[in-house]
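Chemist: Pasting a structure here, questions to come.
The values are calculated or read from the model by the stated rules, or taken from the named source; none is laboratory data. Quantities reported herein were computed from a predicted structural model and do not represent experimental measurements. Quick reminder, even Gly has a Cβ in these numbers, built from the backbone with ideal geometry, and neighbours come from all protein chains shown.
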Amino acid sequence: MPTGGGKSLCYQLPALMLEGTALVISPLISLMKDQVDTLRQMGMDAAFINSTLSVAELRNIIYEAERGKYKLLYVAPERLESEGFTEMLKNIKISMIAVDEAHCVSQWGHDFRTSYLKIKEIRHMTGQNPVVSAFTATATAQVKEDIINLIELKNHFELITGFDRENLKFEVIRINKKFPFVLKYVEENKGKPGIIYCITRKITDEVCARLIAAGHKAVKYHAGLNDRERASNQDDFLYDNADVMVATNAFGMGIDKSNIRYVIHYNMPKNIESYYQEAGRAGRDGESSDCILLFSPSDIVMNNFLIESSFNFSSKSKEYEKLRDMTNYCNTDKCLRKFLISYFDEKYEKEYCGNCSSCLSTVEKNDITLEAQKILSCIYRMGERFGSNSVIDVLKGSSNQKIKAMKFHELTTYGLMKEYDKDTLKEIISVLVSEGFLSVSGGKYPVLKITQSGNMVLRGKCSVEIKKVFAKSKSAAETLPFEKDLFDILKSLRKEIADKLKVPPFVVFSDASLKDMCIKYPLTDEEFLNVSGVGDVKAERYGKEFIRAITDYTKKNNIDVQSVKNAEHKNNIETKSVGNHRASTKKSLKEDTYITTYNLYKQGKSVKEIAAERSLTENTVENHLAHCAETGYEINFSEFIKAEHEEMIMKAIEKQGTDKLKPIKECLPDEVTYTEIKFAICKFKRRLT
């Protein structure tokens, strides 16, 4: 299931329904607190145990866990190796074990953790035989088999939802001078949260410092910072105090910030699994987001060096294989989305996605075979013992002492390309490396060597082309218009509320919810419930303040809200005052959509089925049916109102009236839903007539 595709919900919902505590094993220490905060905001009992807790906090959580307080308990995999922790588990009724980021189980995975191998022991040790589920966004067929075998999943049910996320635009940009591009992009997207991933701590520090110097609110994150600084910088980013997070891959595995609008990879990652997971942190709210990879062949050299420097000798061949796949992704002129999805053994039916740099650009190819032969010949004559700078010096006819001392000035290739500037020669060598005609040895001083393919070029049996990419004009995606000024007001309100609650702003409402408010202008409790991402709990907690802000905005700007309320058809949304003709057209269309919903209901379809078929929210479908019930259509009220609640709801309606839902809700127990109240009001009104 892709990043942001709802993996957490797949174990959180069963955890609420099962008796006992669900044990969630996750390596995402930075994410645990955010997930627990979000669950608590929604009224659920949850806790986490990891190294960030004090001794007193840990003792209190263990005490409450043994009393059965929590429905979900998040733990890091390393905790499974603690004898004290495993003994504690014997005192807790474990309803299920959920393994998050399950690819860490496999040695073929890109983030292998030996602690995960303890999971099967924990399962047997508790003596409770709980349900075990495993979730990942980046499993190849080999990794999937490892997960099944190593956790000992027997008679398991397997669900693959697909890796595609249509809201993400994938781009690969071949570029040597990267920072000017990054600076321009960040300036053009000022105020939008984004992550810039760098391959080393040094590059991370440099990019962050230069962004700050240019006036941007940027913070950094890498393993070289102390715990306090890392935590502070992460909080600044999560809480919208900083727009840009510049980080190594130490940051954000599973980071639960829904409104990240872009992820830029300043350097090519070492494998596709890492890239797809990191890029997938963008657009978790479903809004359009950019995933940009800035590629230069020097990235290959750097990754080769990192692999060579690794002490994990047994996995080096696998790492080189994965690096080749990553390099192929950067070089392909085929659809990037298709490439990524195919890598994870999933079939992508289309040849072109229409939303990646390959599909949105034309490529002009220029033959540089002659130039390539000259460079390869020079490398060969120099004994394949030097790096690119020395090769360029010989080709340019440099008179430095090193060249003369090695007698390279006597070579036939000396001065052979003196008319070319150094940057052009570097670019051609970079192409030869990235296309596999040259390899770069690891070590402190990289050396160029001619590959078998390079020998084919030297012998005239293979040609070399350099690609120039020209962007096509992209037709703008159809999106609902929304008031940008109102959106900024609601963002400020969200930030204010979040700061008071000490939670990240996206925990209050996602950007997608705020945009929906700017489209629908909800002015009542009932209308607010119809906003995407708003349920009973959030409506109860935050509805009044947001409704007040929206009401003030519409009055101040003389907006005719009636013309845009409850709009279901994209092409019929109006955001400013409209004439009587348009308003009446809107009304007739609205009546049509109510009847369409009602006819599906009469065919025996459930609210959920109707919502899926019509691409509406379930709240909207319920509103349609409530409207039909109120105007005399036949509705089975018992489907929407629990028998044991009806009498008390009716008494509350008699006391509070039918104008607003919230006063009625406040008179009733928490288990009574707004849906029940809506249909009870319809039934009440029908009795009066």
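Chemist: Does segment 288-304 hold any residues that are under 23 Å from L183 (Cα atoms) and either in the same structural domain as L432 (by TED's automatic domain parsing) or touching a Lys or Arg at 6+ places or on another chain (Cβ under 8 Å) (or both), and which are they?
Modeler: Residues satisfying the conditions are S288, S289, D290, C291, L294, F295, S296.
Chemist: Let me ask something else about it. Can you tell me how many residues in segment 30-50 are closer than 17 Å to I97 by Cα and in a helix (DSSP H, G or I)?
Modeler: Count: 3.
Chemist: Can A539 be described as more than 16 Å from E287 (Cα to Cα) and in contact with a Leu (Cβ under 8 Å, 6 or more places away or on another chain)?
Modeler: Judged against the criteria, A539 is a match.
Chemist: Filter segment 548-559 for residues that are surrounded by 17 or more Cβ atoms within 10 Å (Cβ to Cβ) and out of contact with any helix residue (DSSP H, G or I) (no Cβ under 6 Å at 6 or more places or on another chain); which is modelled with the lowest pLDDT?
Modeler: This residue is I559.
Chemist: Shifting gears a bit: Quick one: in segment 275-311, which of the residues that are outside any loop (DSSP other than H, G, I, E, B) and under 13 Å from the mean Cα position of the chain (by Cα) is surrounded by the fewest Cβ atoms within 10 Å (Cβ to Cβ)?
Modeler: D290
Chemist: Need pairs with beta-carbon distance below 7 Å; first residue within 11 Å of L625 (Cβ to Cβ) and within segment 594-608, second charged (D, E, K, R); sequence gap 6+ or separate chains.
Modeler: T597/R614; L600/E613; V607/E618; V607/E622
Chemist: Only one of (1) free of Cβ contacts under 8 Å to residues at least 12 places away in the same chain; (2) outside the structural domain of A250 (by TED's automatic domain parsing) fails for F163. Which number is that?
Modeler: Against the list (1) free of Cβ contacts under 8 Å to residues at least 12 places away in the same chain; (2) outside the structural domain of A250 (by TED's automatic domain parsing), F163 comes up short only on (1).
Chemist: Anything in segment 232-280 that is among the charged types (D, E, K, R) and either modelled with pLDDT under 90 or within 18 Å of R165 (Cβ to Cβ) (or both)? List them, or say none. I'd like the intermediate steps shown before the answer.
Modeler: Residues of segment 232-280 that are among the charged types (D, E, K, R), as a first pass: 235-236, 240, 243, 256-257, 261, 270, 273, 278.
Selection gives D235, D256, K257, R261, E273, E278.
Chemist: Any chance segment 204-216 includes a residue that's surrounded by 15 or more Cβ atoms within 10 Å (Cβ to Cβ), among the aliphatic types (A, V, I, L, M) and in contact with a helix residue (DSSP H, G or I) (Cβ under 7 Å, 6 or more places away or on another chain)?
Modeler: Yes, because at least one residue in segment 204-216 is surrounded by 15 or more Cβ atoms within 10 Å (Cβ to Cβ), among the aliphatic types (A, V, I, L, M) and in contact with a helix residue (DSSP H, G or I) (Cβ under 7 Å, 6 or more places away or on another chain).
Chemist: Mind checking which residues of segment 490-535 are surrounded by fewer than 17 Cβ atoms within 10 Å (Cβ to Cβ) and within 22 Å of E622 (Cα to Cα)?
Modeler: L523, T524, G535
Chemist: Kindly list, by first and then second residue, each pair from a residue in segment 340-361 that is within 17 Å of C330 (Cα to Cα) to a residue that is in a helix (DSSP H, G or I) and not charged (D, E, K, R), limited to pairs with Cβ atoms under 7 Å and residues at least 6 apart or on different chains.
Modeler: L340/I272; L340/Y276; Y343/I272; C356/L336; S357/L336; S358/L336
Chemist: Those residues that are among the hydrophobic types (A, V, I, L, M, F, W, C) and more than 30 Å from A512 (Cα to Cα), I need them from segment 289-347; list them, please.
Modeler: Correct list: F295, I300, V301, M302, F305, L306, I307, F311, F313, L323, M326, C330.
Chemist: So is N366 among the polar types (S, T, N, Q), surrounded by fewer than 16 Cβ atoms within 10 Å (Cβ to Cβ) and in contact with a strand residue (DSSP E or B) (Cβ under 6 Å, 6 or more places away or on another chain) or not?
Modeler: Values: among the polar types (S, T, N, Q): yes; surrounded by fewer than 16 Cβ atoms within 10 Å (Cβ to Cβ): yes; in contact with a strand residue (DSSP E or B) (Cβ under 6 Å, 6 or more places away or on another chain): yes.
Taking the combined requirement at face value, the residue satisfies it.
Chemist: Assess whether K662 counts as being closer than 26 Å to I547 by Cβ and either surrounded by 13 or more Cβ atoms within 10 Å (Cβ to Cβ) or out of contact with any strand residue (DSSP E or B) (no Cβ under 9 Å at 6 or more places or on another chain) (or both).
Modeler: So K662 passes the test.
Chemist: Here is a follow-up. Of the residues in segment 115-134, how many are modelled with pLDDT under 75 and among the β-branched types (V, I, T)?
Modeler: Qualifying residue count, segment 115-134: 1.
Chemist: Another question, if that's okay. Mind counting the residues in segment 231-268 that are assigned to a loop (DSSP other than H, G, I, E, B) and over 13 Å from I196 (Cβ atoms)?
Modeler: Residues flagged as assigned to a loop (DSSP other than H, G, I, E, B) and over 13 Å from I196 (Cβ atoms) within segment 231-268 amount to 12.
Chemist: Only one residue in A137, A98 is surrounded by 16 or more Cβ atoms within 10 Å (Cβ to Cβ), under 18 Å from G280 (Cβ atoms) and at pLDDT 75 or above, so which one is that?
Modeler: A137
Chemist: So P27 clears everything in (1) in a helix (DSSP H, G or I); (2) touching a Ser or Thr at 6+ places or on another chain (Cβ under 9 Å) except one condition, right? Which one?
Modeler: (1)
Chemist: Okay, moving on. Return the residues of segment 218-247 that are surrounded by fewer than 20 Cβ atoms within 10 Å (Cβ to Cβ), polar (S, T, N, Q) and free of Cβ contacts under 8 Å to residues at least 24 places away in the same chain; say none if nothing qualifies.
Modeler: Those that are surrounded by fewer than 20 Cβ atoms within 10 Å (Cβ to Cβ), polar (S, T, N, Q) and free of Cβ contacts under 8 Å to residues at least 24 places away in the same chain: N226, S232.
Chemist: Being hydrophobic (A, V, I, L, M, F, W, C), under 17 Å from Q128 (Cα atoms) and either assigned to a helix (DSSP H, G or I) or touching a Ser or Thr at 6+ places or on another chain (Cβ under 6 Å) (or both) is the filter here; which residues of segment 52-92 pass it?
Modeler: Hits for segment 52-92 are A65, L73, L80, F85, M88, L89, I92.
Chemist: Continuing with the same structure: Would you confirm whether or not segment 168-180 contains a residue that is loosely packed, with under 15 Cβ neighbours inside 10 Å and of a type in the set (A, V, I, L, M)?
Modeler: yes
Chemist: Could you figure out which of (1) within 38 Å of the chain's Cα centre (by Cα); (2) among the acidic types (D, E); (3) assigned to a helix (DSSP H, G or I) isn't true of D670?
Modeler: (3)
Chemist: Follow-up question, since we're still on this one. State the number of residues belonging to segment 196-230 that are of a type outside the set (K, R) and not in a helix (DSSP H, G or I).
Modeler: Number of matching residues: 16.
Chemist: Only residues that are surrounded by fewer than 15 Cβ atoms within 10 Å (Cβ to Cβ) and either out of contact with any Asp or Glu (no Cβ under 8 Å at 6 or more places or on another chain) or of a type in the set (S, T, Y) (or both): list them for segment 188-199, please. Write out each step before concluding.
Modeler: Restricting attention to segment 188-199, the residues satisfying the condition of being surrounded by fewer than 15 Cβ atoms within 10 Å (Cβ to Cβ) are 188, 190-191.
Matches in segment 188-199: E188 only.
Chemist: Modelled with pLDDT of 90 or more, crowded, with 19+ Cβ neighbours inside 10 Å and within 30 Å of L360 (Cβ to Cβ): is that true of Y185 in this structure?
Modeler: Working: modelled with pLDDT of 90 or more: yes; crowded, with 19+ Cβ neighbours inside 10 Å: no; within 30 Å of L360 (Cβ to Cβ): yes.
It is false that Y185 is modelled with pLDDT of 90 or more, crowded, with 19+ Cβ neighbours inside 10 Å and within 30 Å of L360 (Cβ to Cβ).
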